[in-house]
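The values are calculated or read from the model by the stated rules, or taken from the named source; none is laboratory data. Quick caveat, the model's predicted, so the values are computed rather than measured. Because the Cβ atoms are built from the backbone with ideal geometry, glycine has one as well, and the counts that use them run over all protein chains shown.
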Amino acid sequence: DSIEFGIYTKVPEAAAALETNNNGILQEAIAVVSDVVSSETSNRTDFEIASPLSQQAARKYLLETVYEEKDFVNQDGQVPPYWEHRNVSNETEIHTMGPCYMPNEITAENWRQLILQNEHHDDKFEYSDVNPLYQDANDNDLSNMCRPSFVIIGAGKTGTSSLYQYLVGHPKVLPAKNKQVDYYRYHSENTMKWYLSNFPRAQDFLSSGALMTGEASPGYQPYPKIAHMLGHRMQTFANSGQHLPKRSPRIISIGRNPLERSYSSYNYNYRDPLIKKLREEDEKLDIYHDDEWYMQHRIFSFEQMVQAELHVLRECLLTSLGEERTFEVYSNEEWAVPIFERRRQLGQAPLIDIETCYGDVVSDAIPRRQWTQLVQDYPEKIINVPKLHVVQSMVGRSLYTLPLEWWYELYPKDELYLVCNEELKHDTANTVSKVSDFLGLPRFDFTEVTSKGHYNVGKNVGYNTPTQMPVDSNSPAPAASSIPISIELKLQYEEFVRPFNERLFELTGKRCNW
Ligand SMILES: Nc1ncnc2c1ncn2[C@@H]1O[C@H](COP(=O)(O)OS(=O)(=O)O)[C@@H](OP(=O)(O)O)[C@H]1O
């Protein structure tokens, strides 16, 4: 009775609908007025509780309880990813749940409950529980799950952990289960459902009023196939029966002084874990050596490794070898061939997959051609480490433009953003603010968040357990001048990387101080 009272008094069209038996309009009307009705009577009927909630009504609730219109368009007129939605008549409207798939069979009552239940959340977000081994998980049902709105793709050792921690410090950004989900790099055989289970759920968005979540996996950037797969999968699953906008997340990349990045990677991916491992083995035999001893006897120096790699890269990139090998690898990729062709016609630099430069395994002892001489000259030194692909490309991963040229081919230019590590270091809060503006987030003062410190500094090992270092403690990263490399080799290195830096600045329209 109370429902009918509401309809007849508040929505005259519904009365007409009832008379003509037009059930569709009636349902809509019921949903729209149900909150008015519920405030008028505490005795709601079962009929109302079970009525399906229309998108329009759901949005109305959201705006009354969780969001404000101004959340959906920031001070620069930017809309956070996935919140903009064009309806059938091509008018822009806000999508009901932005990056999230609507909970299944949502009714007026359980929608209200979702919001109410979570009103007093305590920053602990829930993540769905999807077993990665369960390959048949039904990707058609992604209800309740939410997509990342940004992905920090790299480069490794440029400050990705810090930038991620700073961004999730924004009150409207929720963290992923781990900073580094690595889905497209190490788990791409898993379902999309598994990937999304690494992000907070629709309930968490509703309870906190968040606008987005995201992740940071520096293993994505170097690989052209990941550049393609990420966009392709996100768009394929965009609709999943719910007509979400067919968009990809925004892509963020950080560049850092190339030599400093190489040195950070040398320490983190090679020297430190290797010393740790060798020392553990020696300790079992009651032997103790200091770091210097290991550096002298068991570990290749930074200088030696840079020299070996530079040799291979010159051979590959200063000739047409890299181009030819890349073409060979990608000539069967449907998505890549037209890009090659178009660039050729426009006279643009050919795309290169730098991984093709390093060649195959030579033997058990020599995992890559570039180290042949080194391993023969110093047989007691060790080159095989667990993250060998990172070590083999210590210089290569500082040639940021090579992979990014692929990403820029595959994503709209205004959905990609380059951060300079040096700006992140010296003008931290401002730099994070600019990234936040790019993401369409409402303006927020990051000073308190960024002053907590630097993450994943120096000797920290483990991508998912960032160490935090106060910003005012001694600056973590060594200045380029204290990197153990001869002046001659440093000059060679710098001369080699310079044209690639320039290409990067031109590509991105942004110049860093190196
Ligand atoms: N705020 C800020 N500004 C500039 N630089 C910073 C910042 N925070 C961390 N760092 C330095 O970044 C290095 C770690 O980078 P990542 O977190 O991307 O590493 S990882 O690839 O995820 O392991 C690591 O470099 P090194 O210390 O030289 O190894 C950090 O010291």
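General remarks:
- The lone exception for LYS193 - which of (1) away from the ligand (no atom under 16 Å from the Cβ); (2) charged (D, E, K, R); (3) within 30 Å of PHE340 (Cβ to Cβ); (4) surrounded by fewer than 24 Cβ atoms within 10 Å (Cβ to Cβ) it fails: (3)
- For the range 362-407, the set of residues classified as assigned to a helix (DSSP H, G or I) and small (Gly, Ala, Ser) consists of GLY396, SER398, listed by residue number.
- Positions within the range 469-507 being hydroxyl-bearing (Ser, Thr, Tyr) and modelled with pLDDT under 90, in sequence order: SER473, SER475, SER481, SER482
- SER161 over 12 Å from the mean Cα position of the chain (by Cα), touching a residue at least 40 places away in the same chain (Cβ under 8 Å) and either surrounded by fewer than 21 Cβ atoms within 10 Å (Cβ to Cβ) or within 13 Å of the ligand (Cβ to nearest atom) (or both): no
- All conditions in (1) touching a Gly at 6+ places or on another chain (Cβ under 8 Å); (2) modelled with pLDDT under 95; (3) surrounded by fewer than 24 Cβ atoms within 10 Å (Cβ to Cβ) hold for PHE205, with the sole exception of (3).
- Counting only helices (runs of 4 or more DSSP H) wholly contained in the range 209-327, the ones carrying 1 or more residues that are within 17 Å of the chain's Cα centre (by Cα) and surrounded by 15 or more Cβ atoms within 10 Å (Cβ to Cβ) occupy 224-236.
- Subset of the range 148-167 that is in a helix (DSSP H, G or I) and out of contact with any Pro (no Cβ under 7 Å at 6 or more places or on another chain) - its residue that is nearest to VAL181 (Cα to Cα): TYR164
- Residues (in a loop (DSSP other than H, G, I, E, B), crowded, with 22+ Cβ neighbours inside 10 Å and in contact with a Phe, Trp or Tyr (Cβ under 6 Å, 6 or more places away or on another chain)) located in the range 129-147: LEU142, MET145
- Cβ-Cβ under 6 Å pairs, at least 6 apart or on other chains, the range 417-431 side farther than 18 Å from THR401 by Cα, far side more than 10 Å from the ligand (Cβ to nearest atom): ALA429/PHE446; ALA429/THR447
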